[in-house]
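So the structure is just underneath, and the comments pick up after that.
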Amino acid sequence: MQQPNSQPSAALMLRETASQTAGPYVHIGLALDIAGLPPREEEIWNRLASPQADGEAIELVGRVIDGNGDLVRDALLEAWQADAHGNYQCEFDLQAAFNSFGRTATTAESDGEWCFHTIKPGQVARRDGRLMAPHVTLAVFARGINIQLHTRLYFEDEAEANAACPVLNAVESPARRQTLIAKREESEGKVRYRFDIRLQGEGETVFFDF
Amino acid sequence: MPLNDNKRFVERDRNWHPPAYAPGYKTTVARSPSQAYVSLQTPSVSELAGPDFTRLRMGPHDNDLLLNFRADNEAQAGLPIGERVIVFGRVVDQFGKPVPNTLVEMWQANAGGRYRHKKDGYLAPLDPNFGGVGRCLSDDEGWYRFRTIKPGPYPWPNNINSWRPAHIHVSVMGPSISTRLITQMYFEGDPLIPLCPIVHTLRDPEAVETMTGRLDMARSRSMDCLAYRFDLVVRGELQTYFENQG
Ligand SMILES: [Fe+2]
């Protein structure tokens, strides 16, 4: 057998399975209700928090808009966020008051909008000790998207934490940082944060590689 | 329990995966970001952790597409039409380490190339006994398996006469949201593979090989079904042994 250090480095590691678009019918597999399929025993969907969950109950809503300004109506989104205390609840359990993971689609609840029912996350520390402002990591999958796009939703009313967030500050352009800030709305006693994702062109949302 | 953020994942090779802008696949043209992605130099638990679906309750036939959808009408109820196949494989990371108990989900067209989706209006008929969705957790050694029928190819509006090779959409979580991956499994030897604009979004022919299910006669069952093996490789996990203290 050859010594490892005599081999080209690529041979030491397998290549990741290549990504392909989730396609227009992603709902059959990951959002059955949208496809018109009957639900299974448990489904992963857009209610991350029950009324028993600690923290402020909120809705996250938005649209996905393409480079022509048209609505993307076949996107699937995945959310990943901390609980109100800044802890991730990794063990997905629909009996729990809060789950850190959820899914939604742009046809979920109203025309061309996605929606999550959740609570406002707490701040999360990085291992260098710096605190990140409350945020929700979002992954966008759709027809015409070859590998999912990652972004982060931050909250308009956390100005102080946002100004100190090392990840927001990693975005060089202050104008582009604004694309990550969700706008607060209140109606009928509900708190809602609006976050449109612009895939391309003017006001293009910041996407992350990690 | 504090989550371990004393790790990182092998960087995703963005030249290996298809680029966002791949004009041969026309829908990417208006859906691809034009700005550079912002690289997170210091990963946090927000990227390193991910959901564990061990407690997600699944039905007994969630991974058996031959049985998990049946016609309401008793006269029509039975098995779906098509070539019976087992699709199985192992979820491993880039270092060959098995990924146990991870969620693998899949969806596909029926034998005629028609999806059971409100928006699919292809001429080929729906199969009253085929839904086209499956899911399972990989076992303790990373193996997953589905029983289904081989999907048919179907035409789609891209070029004037574009056809998708027979394929199964496959989604895997892996240990973290950083390893999350959606791909498509093609069937070894399908002459439509080299003609497909979506396959062509990949620049490296070896990357296409990673998406090709291989006929495995040893796991095929005589007088019953063929088997195709499709291993899923997710990003490798590394421990951070040396802290950078400057
Ligand atoms: Fe497809």
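The values are calculated or read from the model by the stated rules, or taken from the named source; none is laboratory data. Everything quoted here is computed from the prediction, not taken from an experiment. Heads up, the Cβs are rebuilt from the backbone with ideal geometry, glycines too, and the neighbour counts pull from every protein chain shown. Remember, those area values only see protein heavy atoms, side chains included, never the ligands or the DNA or RNA. Shrake-Rupley method; radii C 1.70, N 1.55, O 1.52, S 1.80 Å.
Laid out as a table, the results:
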quantity: Protein-only accessible surface order, largest first, of B:Lys119, A:Lys120 at 1.4 Å; calculated: B:Lys119, A:Lys120
quantity: Of A:Asn99, A:Ile119, A:Val64, farthest towards positive along the dipole that unit charges on Lys, Arg, Asp, Glu beta carbons give segment A:20-198; calculated: A:Val64
quantity: Computed magnitude of the charge dipole of chain B (debye, nearest 20; Cβ of K, R +1, Cβ of D, E -1); calculated: 540 debye
quantity: Residue-count net charge about A:Glu16 - beta-carbon cut-off 13 Å; Lys, Arg +1, Asp, Glu -1; calculated: -3
quantity: Computed magnitude of the charge dipole of segment A:20-198 (debye, nearest 20; Cβ of K, R +1, Cβ of D, E -1); calculated: 580 debye
quantity: Translational D in µm²/s for chain A (Stokes-Einstein at 25 °C, 0.890 mPa s, Kirkwood Rh from C-alpha pairs); calculated: 132 µm²/s
quantity: Mean Cα-pair separation over length for segment B:165-246, i.e. relative contact order, pairs under 8 Å, 6 or more apart, %; calculated: 24 percent
quantity: Selected from B:Asp140, B:Asp231, B:Asp13 as most flexible by GNM, with chain B as the system and alpha-carbon contacts under 10 Å; calculated: B:Asp13
quantity: Choice from B:Pro151, B:Pro51, B:Pro98 with maximal GNM fluctuation in chain B (Cα, 10 Å cutoff); calculated: B:Pro51
quantity: Dipole moment magnitude, nearest 20 debye, the protein assembly as shown about Cα centre, only Lys, Arg, Asp, Glu C-beta charged; calculated: 860 debye
quantity: Positive-pole candidate from B:Val29, B:Ala218, B:Leu66, dipole of chain B, charges at beta carbon; calculated: B:Val29
quantity: Taking N as its residue count, the alpha carbon Rg of chain B over 2.2 N^0.38 Å; calculated: 1.11
quantity: Heavy-atom accessible area per residue - chain B, 1.4 Å, Å²; calculated: 46 Å²
quantity: The protein assembly as shown, Cα convex hull volume normalised per residue, Å³; calculated: 167 Å³
quantity: Rel. contact order, % - alpha carbon contacts under 8 angstrom, at least six apart, chain B; calculated: 26 percent
quantity: Tally of Lys pairs whose C-alpha atoms are under 22 Å apart, taken over the protein assembly as shown, 8 or more apart or cross-chain; calculated: 6
quantity: For residues of A:140-153, the mean tally of beta carbons on other chains within 10 Å; calculated: 6
quantity: In order through segment A:27-40: 3J(HN,Hα) via Karplus (6.51 cos²θ - 1.76 cosθ + 1.60), integer Hz, x for Gly, Pro; calculated: 4, 4, x, 10, 8, 4, 4, 5, 6, x, 9, x, x, 8
quantity: For segment B:58-71, 3J(HN,Hα) per residue [Karplus equation, 6.51 cos²θ - 1.76 cosθ + 1.60, θ = phi - 60°, Hz, x = Gly/Pro]; calculated: 10, x, x, 10, 4, 9, 10, 6, 6, 10, 8, 8, 10, 4
quantity: Total formal charge among the other residues, if their Cβ is under 14 angstrom from that of B:Leu192, Lys/Arg +1 and Asp/Glu -1; calculated: 0
quantity: Candidates A:Arg15, A:Arg103, A:Arg152: whichever shows maximal mean-square fluctuation once chain A is modelled as a Gaussian network with Cα springs under 10 Å; calculated: A:Arg15
quantity: Integer Hz, Karplus 6.51/-1.76/1.60 couplings in order for segment B:13-19, x for Gly and Pro; calculated: 7, 6, 8, 7, 6, x, x
quantity: Segment A:20-198, relative contact order [Cα under 8 Å, separation at least 6], %; calculated: 25 percent
quantity: The protein assembly as shown - mean residue ellipticity at 222 nm from DSSP helices (-39,500 (n - 2.57) per run, n ≥ 4, rounded to 500); calculated: -1000 deg cm²/dmol
